[in-house]
Amino acid sequence: MERNVVLSVRDLVVKFRVRNRELTAIRNVSFDLYEKETLAIVGESGSGKTVMTKTFTGMLESNGRIANGKILYEDRDLAAIKNNREWEKIRGPKIATVFQDPMSSLNPIRSIGSQITEVITKHQGKTQAEAKQIAIDLMDRVGIPNPADRFNEYPFQYSGGMRQRIVIAIALACRPNILICDEPTTALDVTIQAQILKLIKDLQEEFGFTTIYITHDLGVVANVAQRVAVMYAGQIVEVGTCEEIFYSPKHPYTWALLSSLPQLGIKGERLYSIPGTPPSLFNEIKGDAFAPRNPFAIGIDFEEEPPFFQITPTHMAKTWLLDPRAPKVEPPTAIHDLHGRIQMILKGEVK
Amino acid sequence: MADKKFEFVEIDESASEHISAPHYSYWKSVFRTFFKSKLSIAMLILATFITVMAMIQPLFSGYNPLSSPNILDFSLRFNAPNLKYLFGTDNVGNSLFDAAWAGTRTSILISFISTGLNMVIGIAVGAFWGYSKKADKYLLELYNIVANVPFLLVVTMMLYVFGYGFWNLIMALTITGWFPIAYFIRTQVMIIRDREYNLVSRCLGTPTPRMISRNILPYLTSVIVTLLSREIPTVISLEAFLSFMGIGLTSATPSLGRLISQYTSYINAYPYLFWIPVTMLASLSVSFYIVGQTFADASDPKTHM
Amino acid sequence: MKKYVISRFLRSLFSIFMVTTIAYLLIFTFVPRERIFMNDQLWGKLTSRPDTQKAYEFSRYDELGYLEYEDQQSLCVRDYSTGTNDYFECMDINSSKFAQLKSQYESKGWVFGVYSSTNTAYASREITIIQRAIKFYANMLVIDGPNKIKDASNPDLERKIYVGKDWSGKPALLCSGCENKYLIYLNGSFPFIHQNWIKLNFGISYPTFSGIEVLTVMSDRQGEGVMRDITFPTGVTTSSSVNEYTCEYKYTLDRLDLTKFTDKYADCRTLRKDPSMMEISFTMGLIALFFSYLISIPLGIFMASKKNGLIDKIGMGYIVFVIAVPTLAYIYLFRFVGSTVFRLPDSFPKLGAGELSSWVLPIISLSLPSVAGLLMWVRRYMVDQTTAEYVRFARSKGLSQQEIFYKHILRNAIIPIAHGLPGSIIGAIGGAIITERIYAIPGMGKMLPDSINAYNNNVVIALTFIFTALSILSVLLGDILITYLDPRIHLDTKGGRN
């Protein structure tokens, strides 16, 4: 099924100046984003997931810059935009963001309603009265009870889950093309998490936008993602459909990630954890960034950076293990038959 | 084709645990950061010079503000600064050099002693205040009353009631001066007491003295030094003003403030008589302030590289 | 909310009461009372006549409330009418009648002494500090009323409050039988409606401004009398500097009074041309405060937006200068620059209150420290806020820098600004004391060191009360302001700040 590419990242390099040293947060990333899809970007803290999406909205911190590459969206290169005014047209109506902590996203001393309507009046040119009506509808749509009454209330009068719904409502009030959700459920209760995820899914079907989820929670990924991109040390190391990533991962880091899911642990077995820490991005990295922690490392991993190897039309991984010259390696037992294992755990057959 | 490069390599687990950050010593970093700024080095030299001169010079000059040994020698009146009298002489032939250093000595002594006392009392009370919830209730009420009376008013009142003099001034400055410091420390203690790293230490069974010396004190150092850097110039300024108004110190104690007040009338005729004490006062205060501020910034670990 | 305001207000009154009482007790217990005579020239002239001087001191002490004092004559007059034999007997210090009187009073705590030069006796009784303090507060609030005046020579004095006209025809609330003729009146100066009905009484000022009530010293206009043509109630028009609104009941009228007044309210004060001490200090303080907010907020915002730029560096340099250099030094420096470069008067009385240029340097000097404090604070606040989460979110919504600034950041900034307002006011009071001294401004700030140097205790107490009241009430004001501005704060549930 041919889908349109809505955003395309080409050879992106992002650097930060930190206390007189330079840190390369994104080291040459390229990928495509398709219309109406749900892409999940996973990786540990510091892998570069949030930084990358910030470049789509020009929200990089002042000490960061795009050192190289293009971000192609609607016939223009977002990486080349320098003028804040131009970004204002993109942020919101084209690309909207939902952040992790709904409490700090909302201005505590302004009413909820005003924070929604200001977006509507600005981007859709409606009058205050019209905007208020649209806002109330939206509040209803995201599941706020008695929206007309609660329109004038303040953020502290809402619970955490409801605030996140409001944040989503605000993001949607802009009618964006692409919605970036940066760890949208991490700060919420587990019970509310499911509701929020379902809400976003339903809204996506209704309004037809593309969703990018940034998360380190593989449970969320399994729930919502159609495609998954795994990031490590500022690069995408593997990308594929959800099934491909979970059931036939090819990159040792993906193996390690999946293995360390405690939910997959079986009583009596040792819990797996990846030794060591990610490399310092201040230094130039030679070869494969994951090599020092990779139990399956081979010689060339320390010398040359691996290219992407295509496994299926939708599945690629950046590891020398896929090179025909490399030894054949089986993924670790824990994830060898992930599907089977999950079934067993669900059925309670394995204690 | 078996390429050697494609064979498995034994990974050195410890290499991946390597922390690339350099070895860090708190106090070394504090001093390194401090000495990075040329301005603060210059100010430190100036402050040290002024302090040393102010402590030593009056011992040799034998200056006494109540006596005017040259009063009958008319030729020694109103001499502009020259080689014999570096700061010149005043209307009764007294050397401004001697008077100025004696006054500076008073300013330094008063500000150091009263600030020292205020800090000791303030920190002791504040630390206790921050820990005890019961004490907090009462002390807060008291604080709300005391803090809302202008400090100048309190000091002036104390001096008025209990009389003037060197130690009277110190008492007037310390009778309520410790309170704002205690309040500040109380707030800081409350903040860090509940900070997670302290909860963690407690859970891990860290003994209290070690917690205080390793967890709390280093944090408080930066806070305390910042306080000091503000307090000392404030007291210098206050003492100068009180003496200028004739309140606080008796004429037996030399003071820059009184010199300024005495020589205000000569501001047009013999400007050096007025401006030299003013400059001395300003230099004293500015140098201490900058040294204190820079040290306070340097002792905040967030500014260390 | 209302309950909170009332309870806070009462607590504020309590605080003011505590501070004033402590000051009162300290001053009248510890300050050596003889010092009050040091600045009294009249007293100085009596040094050659010790008995007269002693009598003078006693009568002053009595007037000021330290003790009760009676001389032999006044004691005898109490019990025996003048001219009678009993009276003459009493006046003989060796008589038994006098001895009887003496023991009578001594049993009530009076202490007797003798003036050797006239061989007459006197007696005094100390008023304890507690009694004094109670009297002080009991007499503090003076409410005028139609039954106030007790004039034996005028038994038919009408006692009523009525609406009438003042000498220029404006409506006013008048009184017959009160101390003051005008209870409520209108005139052109702020706040346009004035009253004489309820006044605060802090006692008599002495030795400076001798004999005048303390509050009057501070609230009455100063300077030369203003002569203008006035039409008195009798129809006579002459040039006079009388201020009709200050006219009080006069027990004995003289001939001149009879030509001008139709009633016995002929004890009037002069209308003077310069504003009162209170007016001057308040006006300067308010303008300086307003001015400093006007400058610091936009400048601080600009400095934060162009951080480390030239203006930012200059601004930071200014802040450090004002904080590090003692106030005394930089105000003198500023005055020097102002008077030599801009030719502005370097002291207030030089050109007087009427000239606008007299006000410029003092007001700017007054605002220098608060500008520094505010500037530093605004700049730091703005820098902090631009990295705040809600600002990030607002930016990701597509709002422009302007919109984010005005609709989000500024709204949040008002709260801590309101919170800091009381601090600014308290600071302004202290600053006024220094500035008024340097520029010789006849305001309340200058009164404090002046009255301390003169041992004018009543004025010192009054100033303590006023400054403390201003500070504490401005804190209350700040807290109430914040409740209006910040919807998160519910003051009914818990008590106020902290």
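The values are calculated or read from the model by the stated rules, or taken from the named source; none is laboratory data. Please read all numbers here as calculations on a predicted model, not as lab measurements. When we count neighbours, we look across all protein chains shown, and the Cβ atoms used for this are built from the backbone with ideal geometry, even at glycine.
Points worth noting:
- Filter pass, C:Thr386 being under 30 Å from A:Lys89 (Cβ atoms) and either modelled with pLDDT under 90 or within 14 Å of chain B (Cβ to nearest Cβ) (or both): yes
- For region C:355-380, a residue qualifies if it is surrounded by fewer than 18 Cβ atoms within 10 Å (Cβ to Cβ) and either of a type in the set (Ser, Thr, Tyr) or out of contact with any Gly (no Cβ under 9 Å at 6 or more places or on another chain) (or both), and the qualifying residues are C:Glu355, C:Leu356, C:Ser357.
- Residues that are in contact with a Leu (Cβ under 8 Å, 6 or more places away or on another chain), crowded, with 17+ Cβ neighbours inside 10 Å and small (Gly, Ala, Ser), drawn from region A:143-201: A:Gly143, A:Gly161, A:Ala169, A:Ala171, A:Ala173
- Every pair of residues 6+ apart whose Cβ atoms lie under 9 Å, when the first sits in region C:249-269 and is within 15 Å of C:Thr231 (Cα to Cα) while the second is part of a loop (DSSP other than H, G, I, E, B) and of a type in the set (Gly, Ala, Ser): C:Leu256/C:Ala266; C:Asp257/C:Ala266; C:Leu258/C:Ala266; C:Lys260/C:Ala266
- Residue selected from region C:178-210 under the condition among the hydroxyl-bearing types (Ser, Thr, Tyr) and not in a loop (DSSP other than H, G, I, E, B), by the criterion surrounded by the fewest Cβ atoms within 10 Å (Cβ to Cβ): C:Tyr185
- Scan of region C:423-446 for residues that are β-branched (Val, Ile, Thr), more than 20 Å from C:Tyr293 (Cβ to Cβ) and more than 8 Å from every other protein chain (Cβ to nearest Cβ), ordered by number: C:Ile438, C:Ile441
- Number of positions in region A:308-336 that are farther than 21 Å from A:Ala289 by Cα, under 26 Å from the mean Cα position of the chain (by Cα) and either at pLDDT below 85 or crowded, with 18+ Cβ neighbours inside 10 Å (or both): 3
- Check on C:Gln53, among the polar types (S, T, N, Q), surrounded by 17 or more Cβ atoms within 10 Å (Cβ to Cβ), over 30 Å from B:Val155 (Cβ atoms) and in contact with a strand residue (DSSP E or B) (Cβ under 6 Å, 6 or more places away or on another chain): no
- Positions within region C:284-310 being without any contact (Cβ under 8 Å) to a residue 60 or more places away in the chain and part of a helix (DSSP H, G or I), in sequence order: C:Leu286, C:Phe290, C:Leu294, C:Pro298, C:Phe302, C:Leu310
- Test result for C:Thr246, in contact with a Lys or Arg (Cβ under 9 Å, 6 or more places away or on another chain), at pLDDT below 90 and surrounded by fewer than 16 Cβ atoms within 10 Å (Cβ to Cβ): no
- Subset of region A:11-45 that is among the small types (Gly, Ala, Ser) and surrounded by fewer than 17 Cβ atoms within 10 Å (Cβ to Cβ) - its residue that is farthest from the other protein chains (Cβ to nearest Cβ): A:Ser30
- Flag for A:Leu257 being away from chain B (no Cβ under 12 Å), in contact (Cβ under 8 Å) with a residue 60 or more places away in the chain, closer than 24 Å to A:Pro184 by Cβ and not polar (S, T, N, Q): yes
- Every condition in (1) away from chain B (no Cβ under 14 Å); (2) of a type in the set (D, E, K, R); (3) not in a helix (DSSP H, G or I) holds for C:Arg379 except the one numbered (3).
- Within region C:102-141, considering residues that are assigned to a helix (DSSP H, G or I), charged (D, E, K, R) and within 21 Å of C:Gln73 (Cβ to Cβ), the one farthest from the chain's Cα centre (by Cα): C:Lys102
- The residues of region B:262-292 that are surrounded by fewer than 21 Cβ atoms within 10 Å (Cβ to Cβ) and over 19 Å from B:Asn79 (Cα atoms) amount to a single one, B:Ser283.
- Subset of region A:98-117 that is in a loop (DSSP other than H, G, I, E, B) and out of contact with any strand residue (DSSP E or B) (no Cβ under 7 Å at 6 or more places or on another chain) - its residue that is surrounded by the fewest Cβ atoms within 10 Å (Cβ to Cβ): A:Pro108
- Region B:159-177, residues that are small (Gly, Ala, Ser) and either within 11 Å of chain C (Cβ to nearest Cβ) or part of a helix (DSSP H, G or I) (or both): B:Gly163, B:Ala172
- Selection over region A:92-106 of residues that are facing chain C (nearest Cβ under 7 Å) and more than 19 Å from A:Leu138 (Cα to Cα) gives a count of 2.
- Being in a loop (DSSP other than H, G, I, E, B), within 15 Å of A:Ala229 (Cβ to Cβ) and not assigned by TED's automatic domain parsing to the domain that holds A:Pro306 is a property that A:Glu61 lacks.
- Single residue of C:Ser305, C:Ser281 found to be among the polar types (S, T, N, Q), on the phi < 0 side of the Ramachandran plot and surrounded by fewer than 18 Cβ atoms within 10 Å (Cβ to Cβ): C:Ser305
- Restricting region C:293-346 to residues that are β-branched (Val, Ile, Thr) and away from chain B (no Cβ under 14 Å), the residue that is nearest to C:Val371 (Cα to Cα): C:Ile295
- In region B:1-32, residue nearest to B:Lys302 (Cα to Cα) [restricted to those that are modelled with pLDDT of 70 or more and facing chain A (nearest Cβ under 7 Å)]: B:Ile11
- Residues being more than 25 Å from B:Tyr289 (Cβ to Cβ) and in a loop (DSSP other than H, G, I, E, B) - total across region B:229-274: 8
- The sole residue among C:Glu70, C:Glu89 that is without any contact (Cβ under 8 Å) to a residue 12 or more places away in the chain and not basic (Lys, Arg) is C:Glu89.
- Residue selected from region A:147-195 under the condition among the β-branched types (Val, Ile, Thr) and touching a helix residue (DSSP H, G or I) at 6+ places or on another chain (Cβ under 6 Å), by the criterion farthest from the other protein chains (Cβ to nearest Cβ): A:Ile192
- None of C:Leu344, C:Leu351 is of a type in the set (A, V, I, L, M, F, W, C) and more than 27 Å from B:Pro277 (Cα to Cα) except C:Leu351.
- Number of the exception - A:Asp288 against (1) within 12 Å of chain B (Cβ to nearest Cβ); (2) of a type outside the set (Val, Ile, Thr); (3) over 26 Å from the mean Cα position of the chain (by Cα); (4) assigned to a loop (DSSP other than H, G, I, E, B): (3)
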